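Student: Encoded as structure tokens, here's the structure I'll be asking about.
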Amino acid sequence: MLLVPCPHCGPRNAADMRYVGESHRRPDPNAVTIEAWREHLYMQRNPAGLLRETWYCRAGCRRYFVLERDTATNQFVDSPTGVDKLGGKA
Amino acid sequence: MWRDVPLRTSYDVVIVGGGVHGLACAYYLATNHGITDVAVLDKGYLGGGGSGRNTAIVRSNYLTPEGVAFYDRSLALYNTMAVDLNINVMFSRRGHMTLAHTDSALRTMRWRAEVNKLQDIDSDVIGPDEVKRLAPSLDVSPGARYPILGALHHPPGGIVRHDAVVWGYARGADHRGVELHQKTEVLDILVEGGDGPDGKGPGGTVTGVRTSRGDISAPIVVNCTAGWATLISDMAGVALPISTRPLQAAVTEPVKVFLPTVVVSGSLHVYVSQTDRGELVFGASVDPFNTYNIRGSLEFTEELAGHVLELMPSISRMRLLRQWSGLCDMTPDYSPIMGFTPVDGFLCDVGWGTYGFKAGPVSGEQMAEAIATGRTPKLIEPFPLSRFAAGDLVGEKGAAAVGH
């Protein structure tokens, strides 16, 4: 299907992963307006091209990490661009 | 079937996307409202996207009252389509069965049946004996890995030849003066006076489209694409809550008729029907990550075969002929985005996820009414783009898709 380069386990099948989705910076829930919060919840860039996205290595290290991938070709950009250990969206 | 005419530089309405939604919209604009100065543009060929890649199932047994009313109108249009469009769409009203493998699934089926009955939809929960009578090849033994505890049975559901639906609407629209332009890719949407860069975005007004064959001016541009909805809307500066994912499907070699109804299993992520030619057509859930790439995968066939054999062990010797996939624009509430947008003159009929084909006729009819009257028709009132900012989602997930 798709070999996902997990920073800890190496390349693993996407079936071993959970796709968390596009990486958005989460607004401060105490400061944000309800409209901006909903925009964070629902709106997607959904480009046909480079996309920063969060994966969860379900069947391996069970950690969250951020990768960049071209959604038109499914090629990952070299290796992981960052690891978000808290599991939040980076 | 339709004329090949030169592309003009101005139309009253430009429809982007020559699938069942775009063509139905053009057809009803011409038929119901007398608006015939319309161009349907497609970057490929008519019906080459989701309209030719779906598994051709129609039904109206949804979970929300909004969904039920909407899809039932579509089913009504499918019922008389062969006569209305004078083309044999091969509508086979063979019934539709959604299997329940757990107590909680059975509870949801009961819920759906009651919502359906309240709106006069023929829909009921049946037990394993009745399931076996309707589809003898299903394994209803209690020892099955995923035992069949019952099913939601929906007799008016069935399958339709999807290509004929596309051709019927295309020919009907063409006969009434609509122009169909294939191999005409929309490269940009021209907007003036908006808040965003280049005058696009909310508050702006559409003036036309830029295509691979030149600029066209038009006061109304309708996005009827599936798979590329975000990319087209981005051209007008309208952001959408859509994630694009492929959905894979497959077909077997033809055999004698043995499966007289459509069978769906949500927990096993599979739906299957047998065509008039005798092939079994399988569909699954969408692939588990966003992509515009429609390459098939071995995981799909492996999982599909395993799950189908749980339901029908007797078909283990059948061979798959081919597999394919199409792009699905998924929304957060498994319901479409229809009607007006913050850009004046730019309308959307998008976000059709895995249920676009069955909704094609009613979407075309309602979008045409919205364009002709400038008001949102009642049937599509629940589906505006603004519902996400307002937090007023529809919540159709329980009945709109498999695999959740």
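Student: Given 10 Å bins starting at zero, what is the percent of C-alpha pairs of segment B:270-404 in each, up to the one with the largest pair distance?
Tutor: Result, from short to long distances: 10, 33, 29, 18, 8, 1 percent.
Student: Also, I was wondering about something else. For a quick size check, give me the Cα extents of segment B:169-255 along its three principal axes, largest first, whole Å.
Tutor: Rounded to whole Å, the extents work out to 60, 36, 20 Å.
Student: Rounded to the nearest 500, what is chain A's calculated 222 nm mean residue ellipticity when only DSSP H runs of at least 4 contribute -39500 (n - 2.57) each, over all residues?
Tutor: It lands at -3000 deg cm²/dmol.
Student: Let me ask something else. Let me see the P(r) profile for chain B: every Cα-Cα distance counted, bins of 20 Å, each bin given as a percent of all pairs.
Tutor: 28, 57, 15, 0
Student: Right, here's the next one. Averaged over B:284-297, how many beta carbons belonging to a partner chain fall within 10 Å of each residue's beta carbon?
Tutor: Mean partner-chain Cβ count within 10 Å for B:284-297: 5.
Student: Just need the relative contact order of chain B here, percent rounded to a whole number, with Cα pairs under 8 Å and 6+ apart.
Tutor: Contact order relative to length: 23 percent.
Student: Then there's this: Give me the net charge of B:His101's neighbourhood, meaning all other residues with Cβ under 13 Å from the Cβ of B:His101; Lys, Arg count +1, Asp, Glu -1.
Tutor: That sum, taken over residues with Cβ under 13 Å, equals -1.
Student: Over the residues of segment B:206-256, compute the C-alpha Rg and express it relative to 2.2 N^0.38 Å.
Tutor: Taking the Cα Rg and dividing by 2.2 N^0.38 Å, one obtains 1.76.
Student: To continue, here is another question. Counting only other chains, what is the mean number of Cβ atoms within 10 angstrom of the Cβ of each residue in peptide A:5-15?
Tutor: Mean inter-chain Cβ contacts per residue within 10 Å come to 1.
Student: Considering only the other residues whose Cβ falls under 15 Å of the Cβ of B:Thr207, what net charge follows from Lys and Arg at +1 and Asp and Glu at -1?
Tutor: After counting each charged neighbour, the total is -4.
Student: Work the Kirkwood hydrodynamic radius out for the protein assembly as shown: mean of 1/r over every pair of different alpha-carbon atoms, inverted, in Å.
Tutor: Evaluated on the protein assembly as shown, it is 23.5 Å.
Student: Once fully extended, how much extra length lies between B:Arg110 and B:Glu299, figured as 0.36 nm per residue of separation less the alpha-carbon to alpha-carbon distance?
Tutor: Here the segment from B:Arg110 to B:Glu299 would lengthen by 64.8 nm.
Student: Give me B:Met1, A:Met43, B:Met330 sorted ascending by neighbouring Cβ count inside 10 Å, so fewest comes first.
Tutor: Going from least to most buried by this count: B:Met1, A:Met43, B:Met330.
Student: Full-extension gain between B:Trp324 and B:Thr205, please, as 0.36 nm times their residue separation minus the C-alpha to C-alpha distance.
Tutor: Gain in length upon complete extension: 39.0 nm.
Student: Cα axis of helix B:103-118 to longest principal axis of chain B: angle in degrees, 0 to 90, nearest 10?
Tutor: 50 degrees
Student: May I pose another question? Could you please state, rounded to a whole Å, how far the C-alpha centre of segment B:13-70 is from the C-alpha centre of segment B:354-383?
Tutor: 9 Å
Student: Another question, then. Could you work out the Rg to Rh ratio of segment B:182-337, with Rh taken as the Kirkwood radius (inverse of the mean 1/r over all Cα pairs)?
Tutor: For segment B:182-337, the value is 1.13.
Student: As a footprinting exposure proxy, order B:Arg59, A:Arg12, A:Arg18 by other Cβ within 10 Å, with the fewest listed first.
Tutor: Fewest-to-most ranking of B:Arg59, A:Arg12, A:Arg18: A:Arg18, A:Arg12, B:Arg59.
Student: So what's the gap between the Cα centers of segment B:167-233 and segment A:46-78, to the nearest angstrom?
Tutor: Using only Cα atoms, the two centres lie 32 Å from each other.
Student: Exposure proxy check: B:His21, B:His101 ranked by fewest other beta carbons within 10 Å?
Tutor: Listed from fewest to most nearby Cβ atoms, that is B:His101, B:His21.
Student: Hey, with R₀ at 22 Å, roughly what FRET efficiency would A:Leu50 and B:Glu185 work out to, going by the Cβ-Cβ distance, to 0.05?
Tutor: 0.50
Student: For segment B:1-144, what is Rg from Cα atoms divided by 2.2 N^0.38 Å, rounded to two decimals?
Tutor: Against the compact-globule rule of thumb, the ratio is 1.40.
Student: Quick check on chain B: helices-only [θ] at 222 nm, where DSSP H runs of length 4 and up contribute -39,500 (n - 2.57) each and the sum goes over total residues. Nearest 500, please.
Tutor: When only DSSP H runs of four or more count, the value is -9000 deg cm²/dmol.
Student: Which FRET efficiency value, to the nearest 0.05, is calculated for A:Asp28 and A:Arg58 with the Förster distance at 25 angstrom and r the Cβ-Cβ distance?
Tutor: 0.30
Student: Still on this model: For chain B, take the longest principal axis of its alpha carbons; what is the angle in degrees between that and the long axis of helix B:356-373, to the nearest 10 within 0 to 90?
Tutor: 30 degrees
Student: For segment B:119-222, what is the Kirkwood hydrodynamic radius in Å, using each pair of distinct C-alpha atoms?
Tutor: Evaluated on segment B:119-222, it is 19.4 Å.
Student: If you don't mind, there's one more thing I want to ask. What is the mean number of Cβ atoms from other protein chains located within 10 Å of the Cβ atom of each residue in peptide B:229-240, rounded to a whole number?
Tutor: 2
Student: Here's something else I'd like to know. Measure off 7 Å from each Cα along the Cα-to-Cβ vector at B:Ser314 and B:Asp122, then give the distance between these two points in nanometres to one decimal.
Tutor: Between B:Ser314 and B:Asp122, the label points sit 2.5 nm apart.
Student: Now for a separate question. Over 23 Å between Cα atoms, which of B:Lys358/B:Lys397; B:Lys358/B:Lys378; B:Lys117/B:Lys256; B:Lys183/B:Lys358; B:Lys117/B:Lys358 qualify?
Tutor: Checking Cα-Cα distances, B:Lys117/B:Lys256; B:Lys183/B:Lys358 exceed 23 Å.
Student: Then there's this: Ignoring solvent entirely, what values of log10 I(q)/I(0) come out of the Debye formula for chain A at 0.12, 0.22 Å⁻¹ when each Cα is a single scatterer?
Tutor: Values, matching the q order: -0.39, -1.07.
Student: Quick one: helix B:162-175 against the long Cα principal axis of chain B, what's the angle to the nearest 10°, folded into 0 to 90?
Tutor: Helix B:162-175 sits roughly 30 degrees off the main axis of chain B.
Bear in mind that the values in this text are calculations on the coordinates, not laboratory data. Here the structure is a predicted model, which is why all the values come from computation and not from measurement. Note that each Cβ is placed from the backbone with ideal geometry, even for glycine, and that neighbours are counted across all protein chains shown.
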